[in-house]
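The next block holds one structure in the form of structure tokens; read it before the comments.
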């Protein structure tokens, strides 16, 4: 058994298509590195044990909790955060639908929901309301009561399929 | 809530991972999907000196149908298990149980090997492994060994995994009966179930039950398979009377823990109801669906 070493690691991280070099301890969570070291504060930190979904990012294109991931694990993987989705003057179809349907109030949970469903709607472009609810169960929202989020996801899905909605 | 300091290791092969485990002994902890270990690290319920990241061992992320078994690599994620055509064709019960784990994002990361090693008494995959008589393949300092899931799971979060060992695969015997169901009750969607029931059986030409496999989660420190109920079902017509009799016998056969939050009588009633639902669901599902 050898003594642990706790020196910071030098990591090369690929986030939203850009490479960032950071020097962080091995125990530093991906959520904290995104926010503190890279200034990407769209990834929100809620429960820090994988329940609330606010820190959800994409790892190699698939949703994952940034609070259950260490930045050190992400070398060689592609991380995508909510900052890669839309811009204030050019919202994504999902963001636009959330806006129109009042799918957010305080906005704390919204980044995790946007990231999760940007991926889910690519995997399942024509979901039922029940399927949307099942996926949405992984993101806690204390403002909306969820109804408007479900409506927004269905609206965005219809638009992304090219149907009027 | 931040983890205690640890040294991070990222082995590129199974051999390297096993060597690291041997070098660092009890101070080492392997991490796969991290969906259970992550919270334990964040809450400092686990404080390993060395974290051995298994995620580069992609050879352990595989689903393979062999002649008489379905072999699932330990690093196979729940989402893949829930959607793999090989699983849906040969063992849809396993896929359905995997699809019910936690939440969408959790299923993208969580692995079957991790679920078995963590051994939460209410978890889905240990229940399916016990119910269907799966075998774990384990590599370690003494080579490779196989152990039945029912022997591997010893108690709450306690398993037959010795220092330096890693689960590399699960083997589910094939074929199983084409009637199956997984039923679970939890207070909130995505929570661990209070009680869960897995069953599979075949029906002969006269509609009689053959080769029932029945397992219950959440009623003991480990998932329970109930051979006496399986024997009681053999050769009986799968009708309402039989189902109710088997459900009542199941409830009588278990001795769940009694707590203020979840009284034993409540768990027993849940078990009876879920067994009835499971049979009904198994019998009404369209062939091939």
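The values are calculated or read from the model by the stated rules, or taken from the named source; none is laboratory data. Here the structure is a predicted model, which means the values were calculated and not measured. Because the Cβ atoms are built from the backbone with ideal geometry, glycine has one as well, and the counts that use them run over all protein chains shown.
Part of a loop (DSSP other than H, G, I, E, B), modelled with pLDDT under 95 and either at positive phi or in contact with a helix residue (DSSP H, G or I) (Cβ under 8 Å, 6 or more places away or on another chain) (or both): is that true of residue B:191 in this structure? So residue B:191 fails the test. Just one of the listed residues (B:36, B:13) is out of contact with any strand residue (DSSP E or B) (no Cβ under 8 Å at 6 or more places or on another chain) and surrounded by 18 or more Cβ atoms within 10 Å (Cβ to Cβ), namely B:36. Tell me whether segment A:112-122 contains one or more residues that are closer than 15 Å to residue B:105 by Cβ, without any contact (Cβ under 8 Å) to a residue 24 or more places away in the chain and either assigned by TED's automatic domain parsing to the domain that holds residue A:54 or surrounded by fewer than 15 Cβ atoms within 10 Å (Cβ to Cβ) (or both). Yes: one or more hits. Taking (1) at pLDDT 95 or above; (2) assigned to a loop (DSSP other than H, G, I, E, B) in turn, residue B:257 satisfies each apart from (1). The set of residues from segment A:96-111 being in contact (Cβ under 8 Å) with a residue 60 or more places away in the chain and more than 18 Å from residue A:137 (Cα to Cα) comprises A:96, A:97.
It is to be established whether one or more residues within segment A:63-72 are in contact with a helix residue (DSSP H, G or I) (Cβ under 9 Å, 6 or more places away or on another chain), at the interface with chain B (Cβ under 10 Å from one of its Cβ atoms), closer than 20 Å to residue B:110 by Cβ and surrounded by fewer than 20 Cβ atoms within 10 Å (Cβ to Cβ). No, segment A:63-72 contains no residue that is in contact with a helix residue (DSSP H, G or I) (Cβ under 9 Å, 6 or more places away or on another chain), at the interface with chain B (Cβ under 10 Å from one of its Cβ atoms), closer than 20 Å to residue B:110 by Cβ and surrounded by fewer than 20 Cβ atoms within 10 Å (Cβ to Cβ). Per the listing B:91, B:41, the residue uniquely buried (at least 23 other Cβ atoms within 10 Å of the Cβ), out of contact with any helix residue (DSSP H, G or I) (no Cβ under 8 Å at 6 or more places or on another chain) and facing another protein chain (nearest Cβ under 10 Å) is B:41.
When B:70, B:51 are checked against the criterion of being within 13 Å of chain A (Cβ to nearest Cβ), in a strand (DSSP E or B) and over 16 Å from residue B:139 (Cα atoms), a single residue qualifies: B:51. Which one of these is surrounded by 15 or more Cβ atoms within 10 Å (Cβ to Cβ) and either in contact with a strand residue (DSSP E or B) (Cβ under 7 Å, 6 or more places away or on another chain) or at positive phi (or both): A:20, A:102? A:20 is the lone residue from the list that is surrounded by 15 or more Cβ atoms within 10 Å (Cβ to Cβ) and either in contact with a strand residue (DSSP E or B) (Cβ under 7 Å, 6 or more places away or on another chain) or at positive phi (or both). Restricting attention to segment A:75-98, the residues that are facing chain B (nearest Cβ under 10 Å) and buried (at least 21 other Cβ atoms within 10 Å of the Cβ) add up to 0.
Number of residues in segment B:1-32 that are assigned to a strand (DSSP E or B) and within 11 Å of chain A (Cβ to nearest Cβ): the value is 5.
Please find, within segment B:179-193, the residue that is farthest from the chain's Cα centre (by Cα) out of those that are closer than 30 Å to residue B:59 by Cα and surrounded by fewer than 21 Cβ atoms within 10 Å (Cβ to Cβ). Here the residue is B:190.
Restricting B:247, B:251 to residues that are assigned to a helix (DSSP H, G or I), in contact with a helix residue (DSSP H, G or I) (Cβ under 6 Å, 6 or more places away or on another chain) and over 22 Å from residue B:178 (Cα atoms) narrows the list to B:251.
Here's the yes/no breakdown for (1) at pLDDT 95 or above; (2) more than 15 Å from residue A:140 (Cα to Cα); (3) within 10 Å of the chain's Cα centre (by Cα):
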site	(1), (2), (3)
A:34	yes, yes, no
A:38	yes, yes, no
A:42	yes, yes, yes
A:49	yes, no, no
A:94	yes, yes, no
A:117	yes, no, yes
